[in-house]
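Input: a single structure, listed below in structure tokens.
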Amino acid sequence: MWLVRLALRRPLSVAVMALLMMVLGALSFGLMNVDIFPSINLPVVMVVWNYPGLSAIDMERRMVLISERAYSTTVNGIEHIESQSINGLGIMRIYFQPGTSIGAAIAQINAVSETILTILPRGTEPPQIISYNAANVPVAQLNIYSDTLSGAQLFDYGLNFIRVQLFTIPGFSTPAPLGGVGRNVMVNLNPAALYANQLSAQEVGNAVAQQVIVIPSGTAKMGNYEYNIDLNMSPDTVPEFNRIPIKSVDGTPVFLGDVAPVSDTHQPQTNVVRINGRLATYLMVIKHASASTLAVVDAVKARIPWILATAPKGLKVALAFDQSKFVRAALWDVVQEAVTAAILVALMVLVFLGSPRSMLIVITSIPLSILTAFVGLKLAGQTINTMTLGGIALAVGMLVDDATVEIENIHRNHAMGKPLLVAIIDGARQIATPTLVGTLAICVVFFPVVLLGGVAKFLFTPLALAVVFAMLTSYLLSRTLVTTMARYLLPETAEVHLGTGVWGGLIGRFERGFERLRESYRSALSSFIAHRNITLACVALMIVASAGLMWVVGEDFFPKVDAGMMRLHVRAPTGTRIERTEWIVANIDHEIRKIIPPGELEGISDNIGLPVSYDLAFYQTDSIGPQDADVLIQLKPEHHPTAMYQARIREMLRRKFPNVEGYFQAADIISQVLNFGLPAAIDAQVSGNNLASDYSIASRLEAKMARIPGITDLRIAEPLDYPAYKVHVDRAKALELGLTQQQVASSLLTSLSGNVLLQPAFWLDPKTGVNYNVISQVPQQIVNSVASLANTPLSTPGPNGAGSGQPQLLGNIASITRTVDPAVIAHYTVQRVIDVDAAVSGRDLGSASSAVQRAIDSLGKLPPGTRIVIRGQSQAMRQSFVTLGFGLILAIVLVYLLMVANFQSWLEPFIIMMAIPGALAGVLWMLAVTGTTINVESLMGAIMAVGVGVANGNLLITFANDLREEGFSPAAAAIEAARIRLRPIIMTALAMILGMLPMALSLGAGSEQNAPLGRAVIGGLLFATMMTLFVVPAVYSIFSRHLRGKRERDAEIEAITMPGA
């Protein structure tokens, strides 16, 4: 009460406080980052090993496995390691325990990687080590295309010139361009010419590396000057390479151009990008987890005119697949939900109180509480996002609770004939403790958020903070600003007449109708209490029966969001060359355009094959070779449901492309962040000691899963049938001819994959200042058969050195047989695994996951050392549900203990808690009626319903205790307290329901994400209110006769401690 009295004595101080809330809130709002989600910082490091030409099986055994064992021994804080070994690439994802320093982890990984280089294949370079975050997602594509420039020119300009104009944008990063080909100086080896000149590919590579050097000569002092000595270390132009001598035969030099014409071109293409059917390249616009999507995309847009101003003639740049539009729309829709909720609440208050002045007093709490919440969020390091704004929108209905109860009680005391100031003080005093406990109960239920882990922790902590800051502010305002405004805005004498005119007539009819409702309620409650044994038993039966709805509504990890974007992964038969894959994808694009009307299709982007190695550390893809492609499909804002088009595309692929595997992955920013890089909704992971046996088990499981309703996009992620040829060298025969295995292998590597690792050489373009690799390689079109492979020339040493002996061909010392290799080998914490991945359509994830577990169990006894674990989103969902379930129990316990401290009774809080089972039943019924699943959002709503559900019960029991002090019987006190408090109970319940209604309706972009939370709270509140109005009074009438309240204890202690006692 001291706060109320201080506010009434110092009204200008209260006004200053309110103005400071406005100014600081607006300032904080303007300084905060804006994005779709809060910053999600889970410590993960990506390590990418690169060795062109190395098979997947050798990459696993000779590089990745060694790395995993080394990291697991010497790097601290590792939670688990995942890796993929594919042809030429080893991709490792190292997850660390929460709180681990990423900087220290990267330093340790780098040190260990340098240490193990000596035991890795010769020429291995240190890996790319990148701090990874699933929230660092591509938010747009900067397309680079031209009608006149080649793919190599587009790639080169994007890599070396456009990127350097963008990297200074805060929160922005982009790896090498996707699509196109990197510019290189290619030494095009001619096998026939090599054989004729008794040379091997390895010798040509060595000669180029020895002739194209970067070794300074130093300086010389001559006379009065000191001169720089410059050597012609490297040719100034590419044609000059053809004049480099590589061998001398009888005094006649053999020039490089004689056996390997040199051209300024590119290596064979491994990555093709098609944008709306046009060959192009693009830079991924990736925003960091802590950066704003809107700020990053807007900054990139602003740089485009600068880029075009200095670009070569004919080069065009355009921003596509811009997700900032969706982010901006989603944020604006959340703001609109909050404004709509505030308007609905204001109208409700106006109708119930019948006074515009009272409505103004009540709704003033809303903007001030929201602005103060922004101050708290800014100080806590949070951003403006759908979760913080969702928390604000969620709290709008509750922000007026304290003010509504306060002003209604002032009206009630004023109507008794008390002077206004007395009515204000008495009204504030009567509800001081109940409103404080009710506010704290809503705040306390958010404490279990600290128990959450993974993505859920980072999502719901800002939401909880937003609600808590706003609720505490609303209570402060109800004790200060509301009483002060009431002092100056309400009339000195109570308004007996409701006014004249249409408005007065409407309010009069409402008041008369409400009084009839109040009397009808009193009669109904009296009857309910009179037959409490039967009625309470029926309510208990209804609640128990409602528990069965848990198996009806189903379970999902997060709600599905339709952002109008699809990502289709296409996999042709394993080993399909990239040219054939491009043709297949072009046909698929054509069929997609038949399915999606032109008026709804924004664009299609194809990313075929594998990009530059380190690009794979920046975005999630299932591509493992030239047979793979990611097809990104952007719909226009006005479109039919994305799920409908996905179903039609799946059917088209089954019908027209039976040999092509196609499945959908997370495409939009919301789905990518919420999935946190998980490959599929369900990932049945088979691990064992034998890869072939594991694959056989995975195939049997795949067949069983295919019969499960709702399972779609089913596939085995690791094909083991990549076509290969085994070159078996007869070492004895080779030795007779003076050849070693190293010479044979080096010549093959140089011929087929280039010598970039074994004999690195570089050429500096004097015009641009950019260094390019000089790569010796046989043009791919020459090695087009087993015979041409067998004709790879090998040189034997002669009397006077290498290459002077009798030339040999590979086929003379080796046999070549056809075989198959694994296309990819996956590890989970150093153990080989085979993943059976699947999505879920038309069914909830929980029941589908349970059906998959039954399919696993039906496989029978597995070989020793083999096990199957369900991972993916299903595993993350189970872990989150366990945490949230424990959080729900903890919330109930905390609220109960809070009320025990308030009432100084173990029983009275238990009576109030009778509303909670009803609230939870209401949550289930609302989810069932609206077709919403139990997910992380709706479980958070259930936790919140616990706090909301007991707030009104606390108020009712407090008044019933006051009436008991005046001599009322338990039943009479319960009935009368319920009758008196009916108006504020209905008002606060309606305020919360109307406040959450816009969120629950999910009418805006991306609003499906928070809709389950709003629906759960509304359902819980509806049932909790009915429990408070009927069950709580009935239970109170049974047990209150045995209660010994805190007032009785206080009186007893005072009687003992009084002087003379």
(request) Before rounding to the nearest 500, sum -39500 (n - 2.57) across all DSSP H runs of length at least 4 in the chain and divide by the residue total; then give [θ] at 222 nm in deg cm²/dmol. (result) -16500 deg cm²/dmol
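Exactly which GluC sites (Glu not before Pro) in segment 552-649 are in a DSSP loop and have at most 16 other Cβ atoms within 10 Å?
Numbers: sites: GLU555, GLU579, GLU582, GLU591, GLU600, GLU602, GLU638; in loops: GLU600, GLU638.
Filter output for segment 552-649: GLU600, GLU638.
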(message) Sort 95-103, 238-246 by the packing proxy (mean of other Cβ within 10 Å over each peptide's residues), most packed first.
(response) 238-246, 95-103
(message) For a 19 Å ceiling on Cα separation, which of these pairs sit above it: LYS301/LYS325; LYS301/LYS560; LYS287/LYS316; LYS325/LYS378; LYS325/LYS636?
(response) LYS301/LYS560; LYS287/LYS316; LYS325/LYS378
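Looking at segment 35-134 from every direction and averaging, what is the projected area of its Cα convex hull in nm²?
Details: hull surface 27.1 nm².
For segment 35-134, averaging the hull's shadow over all directions gives 6.8 nm².
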(message) Using the Cα centre of segment 620-732 as origin and beta-carbon charges of +1 (Lys, Arg) and -1 (Asp, Glu), tell me which of ALA667, ALA647, GLN627 is placed farthest towards the positive end of the dipole.
(response) ALA647
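Could you please rank THR535, THR792, placing first whichever residue has the fewest other Cβ atoms within 10 Å of its Cβ? Please list the in-between numbers first.
Values: THR535 16, THR792 26.
Lowest count first: THR535, THR792.
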(request) Return the distance in nm (one decimal) between the two label points of a simple spin-label model at GLN780 and LEU489, each offset 7 Å from Cα along Cα→Cβ. (result) 7.4 nm
(message) Checking the cross-link filter: which aspartates and glutamates have an alpha carbon closer than 14 Å to that of LYS418, excluding same-chain neighbours under 8 positions apart?
(response) ASP426, GLU492, GLU495
(request) Take each of the peptides 926-933, 961-968, average the number of other beta-carbon atoms within 10 Å over its residues, and list them starting from the highest. (result) 926-933, 961-968
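Starting with the highest mean, order 471-477, 447-453 by the number of other Cβ atoms within 10 Å, averaged over the residues of each peptide.
Numbers: 471-477: 23.9, 447-453: 17.4.
The most tightly packed comes first, giving 471-477, 447-453.
Which of rounded, prolate, oblate describes segment 101-141, given a ≥ b ≥ c as roots of the alpha-carbon gyration tensor eigenvalues and a/c under 1.5 marking rounded, otherwise prolate only if a/b is larger than b/c? Intermediate results must be reported in sequence, preceding the final value.
On the way: a/c = 5.19, a/b = 1.78, b/c = 2.92.
Oblate shape, in that a/c is at least 1.5 and b/c is the bigger or equal ratio.
Only the coordinates and a few stated rules stand behind these numbers; no lab work does. Every value quoted in this text rests on a predicted model; they were computed, and no experiment measured them. No Cβ is skipped: glycine too gets one built from the backbone with ideal geometry, and neighbour counts run over all protein chains shown.
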